[in-house]
Amino acid sequence: MDLKNRIFHTILPAAVIVFIGFLGLLQSGLAFQSVPDQTRPRPEKVVNPVLIEFKGPIDRKLTMYFNNRFETAKQSGADLLIIEIDSPGGLKIESLQMARLLRDCKWAYTVAIINNEAISGGALVSLGCDEIHIDPNAKLGDIGEIAFDPQEMAFRLVEPKIESYLSRDARDLAESKGRSADLAESFVDKDVLVYSQPDPENEGKLLFRSVRSDAIVKPEPPWELIQESGPERFLTVSGQRAVELTLAQGFESSREKAAQSFGFPLDSLRVYRPTTTDSLVYYLNHPVATFLLVLIGLIALYFELTAPGIGVGGLIAGLCAVLFFWSRFLGGTGGWLEVILFVAGIVFIAMEVFVIPGFGVSGLTGIILLFVSIVLAGQDFVIPQTGVQWNQTMSSTLLLLGSTFGFLIAAVLITTYAGSIPGLKRLILSPREIAEESDGIEKDEHGKPIAKPHPEISVGDWGLADSLLRPAGRAKFGNRSFDVISDGNFIDPGTQVTVISIRGNVITVAAVEDENQDDENV
């Protein structure tokens with residue numbers, strides 16, 4: 001191997017991987033944790049208000065929809081972001097992620113309006129906003145964490161040790177926006193009692209103090225237990241009480257009242273709501289759909305490589321890749337880093353197949369880049385740090401390995417039974433067809449085909465394999481080189497071949513038998 005090939009096979013792939021890894025670390029944002037914001041002053045003037053409808057249980061579908069609309073609002077230059085919440089709660093991790101997105105939002109002032117309820121995860125999302133406006137009869141709170149117990153086959157309250165993490169998160173969210181951390185903790189922990197008293201230094205304000213329900217010493221007057229707080233009870237308050245306890249800032253819980261409060265015309269408010277596209281993105285992100293997209297894409301790519309010139313396999317493989325990354329982009333887990341990795345992997349594999357004979361570092365690098373790009377596209381982090389993230393990475397990896405294993409089985413079946421599978425007969429040249437076409441070829445006294453004159457190339461022409469045919473490659477006939485495909489067997493470079501069929505742009509060749517080569521050498 002000369003110096004240039006050595007550089008290409010070793011230094012270049014290594015440099016590409018290091019560079020992409022550097023980009024991944026930049027994207028992951030692992031170096032610093034953002035500091036929670038304090039309540040910011042209201043904007044004096046609102047120019048570009050946006051409202052996101054946030055309704056129903058908090059699941060992956062709602063999370064994908066919210067993340068997409070949040071990013072769309074950011075790109076549109078919104079300066080006021082209103083979240084219209086009506087939710088009974090749902091997934092904890094997803095609820096916390098959305099709450100932190102709102103808490104750390106620097107480009108817009110965030111407001112939650114609650115007409116009916118914001119319970120559990122819905123309450124967490126509300127706590128991440130700069131302001132909360134709630135209908136007097138709406139409900140807010142009850143963030144008790146539950147988990148499925150496989151032994152009892154039912155949902156149970158989690159252990160206090162696990163619950164303490166969510167309590168800390170709720171306190172941080174409340175403190176970051178100037179709300180009572182004690183009230184937020186009582187939302188999560190049923191054994192926390194909250195007492196209040198007027199703030200002697202700020203008229204009209206309240207001070208809060210939390211204690212465990214089993215504490216021996218309780219706060220004495222003027223501390224009073226708030227009426228909604230009690231043992232074995234997750235704190236839940238009405239909209240009226242939420243304003244009295246300074247959890248919420250007002251009762252402007254409709255779009256019209258919000259427009260009046262912030263001083264912008266109602267017709268200037270852009271409203272984002274779920275659409276059919278959101279449902280499609282959700283289903284394409286489902287593990288079953290992911291498995292099928294990867295499997296079908298690999299099989300289609302296999303057909304394209306084994307039968308070049310037809311183009312159907314390439315189109316299907318490209319469509320699967322577009323659907324996969326499009327759904328990841330809108331689902332909030334994919335980005336340009338994954339696309340760059342994927343394209344780089346395709347380029348390396350193409351160089352290995354069409355430029356550099358054999359199987360070396362370039363092909364292996366391409367496979368690794370494709371593998372990494374698909375795994376990263378299914379998660380919103382680069383390097384897993386928590387147990388949940390490790391589980392997500394392992395699930396994506398196992399799903400991809402399953403698709404690859406399924407492709408290998410399909411490739412073997414297709415190669416073995418392609419001639420008998422309906423719809424594939426037209427794409428595969430059977431031995432019988434080869435024999436029939438060969439019978440119509442004029443032969444000389446030695447039984448060799450006699451080439452007929454043709455402007456380009458014709459059946460029966462002899463040539464030499466110009467590259468490895470596995471089965472696609474190039475062969476040289478006279479002074480010209482053509483893209484060809486073998487009859488199913490791998491043919492080494494320099495082997496004498498003969499054209500056995502020409503169908504459109506597909507030239508099929510077969511290796512010349514050894515006995516024929518011996519006859520010619522006599």
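Among 286-299, 477-490, how do they line up by average Cβ neighbours within 10 Å per residue, starting with the highest?
Working: 286-299: 17.5, 477-490: 15.6.
Per-residue Cβ counts within 10 Å, averaged per peptide and sorted highest first, yield 286-299, 477-490.
To the nearest 0.05, what FRET efficiency results for residue 388 and residue 343 with a Förster distance of 30 Å applied to their C-beta separation?
On the way: r = 30 Å, r/R0 = 1.00.
Approximately 0.50, to the nearest 0.05.
For a Förster distance of 22 Å, can you work out the FRET efficiency between the beta-carbons of residue 489 and residue 464, rounded to the nearest 0.05? Working shown, then result.
Numbers: r = 16 Å, r/R0 = 0.73.
So the FRET efficiency works out to roughly 0.85.
Quick check: residue separation of residue 233 and residue 206 times 0.36 nm, minus the Cα distance between them. What number comes out in nm? Before the final figure, lay out each step's value.
Values: separation 27, 0.36 × 27 = 9.72 nm, distance 2.18 nm.
Computed gain between residue 233 and residue 206 is 7.5 nm.
Search the structure for amide H atoms under 5 Å from the amide H of residue 488, placed 1.01 Å from N in the peptide plane, and list their residues when 5 or more places away or on another chain.
Excluding prolines and chain starts, which carry no amide H, there are no hits.
For the range 193-310, with only Lys/Arg (+1) and Asp/Glu (-1) charged at the beta-carbon, what is the dipole magnitude about the Cα centre, in debye rounded to 20?
Dipole of the range 193-310, to the nearest 20 debye: 240 debye.
Based on the Cβ-Cβ distance of residue 481 and residue 395, what FRET efficiency does E = 1/(1 + (r/R0)^6) give at R0 = 51 Å, to the nearest 0.05?
Computed FRET efficiency for residue 481 and residue 395 comes out at 0.60.
Pull up all non-local amide H partners of residue 497: gap of 5 or more, or a different chain, and H-to-H distance under 5 Å with H placed in the peptide plane.
So residue 497 has HN proximity to 463, 464, 465, 512.
Near the amide H of residue 207, under 5 Å away, which other amide H atoms are found, from residues 5 or more places off or on another chain, if H is placed in the peptide plane?
The list, which skips near neighbours in sequence, is 197, 199.
So what J values fall out for the range 201-207 if you push phi through Karplus, 6.51 cos²θ - 1.76 cosθ + 1.60 with θ = phi - 60°, rounded to Hz, Gly and Pro as x?
In residue order, the calculated couplings are 8, 9, 5, x, 9, 10, 9 Hz.
Each residue of the range 91-96 in turn: what ³J(HN,Hα) in whole Hz from Karplus with 6.51, -1.76, 1.60 and θ = phi - 60°, glycine and Pro shown as x?
5, 6, 4, 5, 5, 5
Could you go through the range 193-200 in sequence order and give the Karplus-derived ³J(HN,Hα) for each residue, using 6.51 cos²θ - 1.76 cosθ + 1.60 with θ = phi - 60°, rounded to whole Hz, and x for Gly and Pro?
For the range 193-200, the Karplus curve yields 9, 10, 10, 9, 7, x, 7, x Hz.
What spacing in nm lies between the two simple spin-label points modelled at residue 257 and residue 351, each 7 Å away from Cα in the Cβ direction?
Each label point lies 7 Å from its Cα, and together they span 6.3 nm.
Taking one equal scatterer on every alpha-carbon of the range 52-134, how large is log10 of I(q)/I(0) by Debye at q = 0.12, 0.20 1/Å?
-0.27, -0.79
In Å², what does the accessible area per residue of the range 74-119 work out to with a 1.4 Å probe?
34
By how many nm would the segment from residue 214 to residue 271 grow when fully extended, if each residue of separation counts as 0.36 nm and the alpha-carbon distance is taken off?
15.8 nm
With a 1.4 Å probe and all protein chains left in place, how much of the accessible area of the range 264-354 comes from carbon and sulfur atoms, in whole percent?
Carbon-and-sulfur percentage of accessible area, whole number: 79.
For the range 175-293, how big is Rg over Rh, using alpha carbon atoms and the Kirkwood form of Rh?
With Rh from the inverse mean 1/r over Cα pairs, Rg/Rh is 1.19.
The values are calculated or read from the model by the stated rules, or taken from the named source; none is laboratory data. Remember, it's a predicted structure, so these values are computed and weren't measured experimentally. Don't worry about glycine lacking a Cβ; one is built from the backbone with ideal geometry, like all the others, and counts go over all protein chains shown. Only protein heavy atoms, including side chains, enter the accessible area calculation; ligands, DNA and RNA are left aside. Shrake-Rupley method; radii C 1.70, N 1.55, O 1.52, S 1.80 Å.
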